[in-house]
Structures are given as structure tokens and as C-alpha cells.
1. Would a scan of region 248-260 turn up a residue that is among the hydroxyl-bearing types (Ser, Thr, Tyr), at pLDDT 90 or above and in contact with a helix residue (DSSP H, G or I) (Cβ under 9 Å, 6 or more places away or on another chain)?
2. Scan region 299-332 for residues that are small (Gly, Ala, Ser), more than 13 Å from the chain's Cα centre (by Cα) and under 28 Å from Ala45 (Cβ atoms) and jot them down.
3. May I ask you to list the residues in region 238-288 that are polar (S, T, N, Q) and touching a Gly at 6+ places or on another chain (Cβ under 8 Å)?
4. Among the numbered conditions (1) crowded, with 18+ Cβ neighbours inside 10 Å; (2) assigned to a loop (DSSP other than H, G, I, E, B), tell me where Pro340 comes up short.
5. For residues that are within 24 Å of the chain's Cα centre (by Cα), part of a helix (DSSP H, G or I) and of a type in the set (A, V, I, L, M, F, W, C), tally how many sit in region 244-273.
6. Could you tell me whether any residue of region 297-316 is part of a loop (DSSP other than H, G, I, E, B), under 24 Å from Pro258 (Cβ atoms) and assigned by TED's automatic domain parsing to the domain that holds Phe280?
7. Quick check: anything in region 306-315 more than 20 Å from Ala86 (Cα to Cα) and of a type outside the set (Asp, Glu)?
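The values are calculated or read from the model by the stated rules, or taken from the named source; none is laboratory data. These numbers come from a predicted model, not from an experiment. Backbone-built Cβ (ideal geometry, glycine too); neighbour counts: all protein chains shown.
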Amino acid sequence: MDTLFAGVSFFAFMNRFYGRIFAAALAAAALSPARADGRARAEAAVRESVLRLAAGDVLGAEAQAKAAVDAAPNDPRALQQLALAADAALDFTTAESAASRGLDAGGPPVALLCLRSQARVGRGDAAGALGDARRALGVDPGSGRAFLRRAVAEEALGRPRAETLADYERAAQLDADFGPEYDAARARLAPRRRRAGGAAGAAAALIAAAAAGLAWRRRRARAASVATARARPVLPGSGRLSAEQAESALALAAASAPGAEETRALAESLYERLTGRPAFEPERAGVDRDLGRFAPPSSVASGLPEGIDAFFARALHPEPERRFRTGAELAGAFRSLVRPAVD
């Protein structure tokens, strides 16, 4: 009898065991099409984000990257693209979060650590940025981008100039694309040489330098005013424009801004035509322009497109590598605000 009872219990147990396996298999089979569809939608959104970012439509690129992550929340490629697009849109919190999630999901560690380092510098967390750059170098000691991220973090932390400049130089040696960053850092960080001499010689040198500096500033101001009058790209016409009118005018003027400086000038013209006031007041324009200090346009005028403050935060950024590179990029990004893509 005991043997019979044991046999019945065993068969009942096996029946439940295989029943659970069968149920799990059915559930997995039901989820497979949904997962495949999510991956397909994520891949399509990532491709669209890459294309929009290349065209200068940074806000559209970020929106598409977010759609990719929504479709496949743990896809490393989608998370990496979101970190890249969000950083380009100056959305540093989203960029940092996406890079962290991408690392947890098994994405490429060096690329994601560099992206998170860049985002942390943008948020003001230079110590965290330095930690990420060091981790990236631990994974790949030959990464030029990791050296660049370490140099930027060191500069933000006020580390010794020679140490920081050496990292900028190493980045340029490993990747020629970082040559401009090294040149700019050398101009900022290279120690200034001092002339030896007595007190009288020093005083005479100071007086001569002051006189030469005053003359140079006057010549520079005259040259700058002439150059600005002749070559400063502006939107055609005069008076305030609606966002739609400005979008059309900007498309026509984009070709007049082939570089970052002309593009910033064109962005200043766009700001003035949208708000009715200059971005940088004439009496302190030079200082405010160098600091990137201006009133958010949404605080000056009403009826502007959503995201306009983030757009001008990039368009008028004091660092050239943070701004739009060409008038075409500027026009593409503004178009995405005025005519947002429909998902």
C-alpha cells in the first residue's frame, strides 16, 4: 500500500513539474514575437536618431533615441545612442543615466564610460568624470577619447597645467581628430614666460605693454566693427518674426554660415528676430558672449517653440565644440523645434 501511495505521489509530482515547464514554454513562445517586434522598432529608431544627429537635428535625435529605449529598455545600442544624442542636446542628466544603464546592460565600456564622463562634466561633477575617464583608460590604455575625457576633467578640477596638457597632447597623438582640442588647450594652459630685469626695466616694460595693448585693442575694435559690418551673417529683412517665418528665413541664410563663429552670429540674429532684443547687450556684449551669458528666450518672449531655451544654450555656447558647426546644422535643429517629428 505504501508503495502504491508513493507511486501515485511521484506521478502527481512529475505531472505538476512538466506542467510548469510546458506553461513556461508557452509563455516564452508568446513573448518572442513581442520581443522581436520591440527589437525591430528599437533598431529603426536608432537608425533614425543617428541620421537626425548627423543632420544637426539634436532634439529629434534625442526623441528617436528615447523611442528606441522605450521599445527595448535593455538594448545597449539604444542606450548608447540615447547617451550620445542627449549629450549633444545638453541634456546631461539623461545622458549620464543612459550611459550608466548601457554599462549595466553590457554595452561597450570605453565608449559608455567616456560618454558618462562627458555628461558628468556637463553637470559639474568633475570628480565623477575623472573617475570614469580613469576606468576607461584601465580598459583601453590606448584610447585617445579616454585621454581627452581625463584631460577635460583634470582641467575642470584645476589639476596642474603640465599634467593636464600632457593628456590633451596624448589624446591628439592617438587620434588626430582631437588636434583642435589640444591646440586650444595649449593656448589656455601653456605657462607664460617672464622676462628677467630690474625694477626700472620691469616698470618700463609694463608701460610699453600697456601702451601697446591699448593701441592693439583700438585696432582690433576697428577691425572687428568693419568685419562685423561686412561679413556678420544675419537673417534677411528686419523686425520680429514668428517661429515659422524665422525657420524659412534661417533656411535661406544657412549657407552664409560655413563655420562655428559665423553660425553663432547667425544664431544671435535669430534670437533678436524672435525676441525683439539682442542676445548680448551692446555695452557688455564681449564679456557676456565669452561667458555664454544671456536671458533664456522663453523669459523674454511668448509663443516660442518648446525646447527653445535648450536650443539657444547650444547655439550660443561659448565653447566652439559645443555649438552647431554650420548654419545648416543650426537650421536643421531649429526646424525640428518648429516642425517636430510625429511618432
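1. no
2. Of everything in region 299-332, those that are small (Gly, Ala, Ser), more than 13 Å from the chain's Cα centre (by Cα) and under 28 Å from Ala45 (Cβ atoms) turn out to be Gly307, Gly327, Ala328, Ala331, Gly332.
3. Within region 238-288, Ser242, Ser256, Thr263 meet the criteria.
4. Result: Pro340 passes all but (1).
5. 9
6. There is at least one residue in region 297-316 that is part of a loop (DSSP other than H, G, I, E, B), under 24 Å from Pro258 (Cβ atoms) and assigned by TED's automatic domain parsing to the domain that holds Phe280.
7. No, every residue in region 306-315 fails to be more than 20 Å from Ala86 (Cα to Cα) and of a type outside the set (Asp, Glu).
Yes or no, residue by residue, for (1) over 19 Å from Leu90 (Cα atoms); (2) touching a Pro at 6+ places or on another chain (Cβ under 8 Å); (3) without any contact (Cβ under 8 Å) to a residue 24 or more places away in the chain:
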residue	(1), (2), (3)
Val121	no, no, no
Gly124	no, no, yes
Ala136	yes, yes, no
Pro141	yes, no, yes
Ala146	yes, no, no
Ala153	no, no, no
Arg159	yes, no, yes
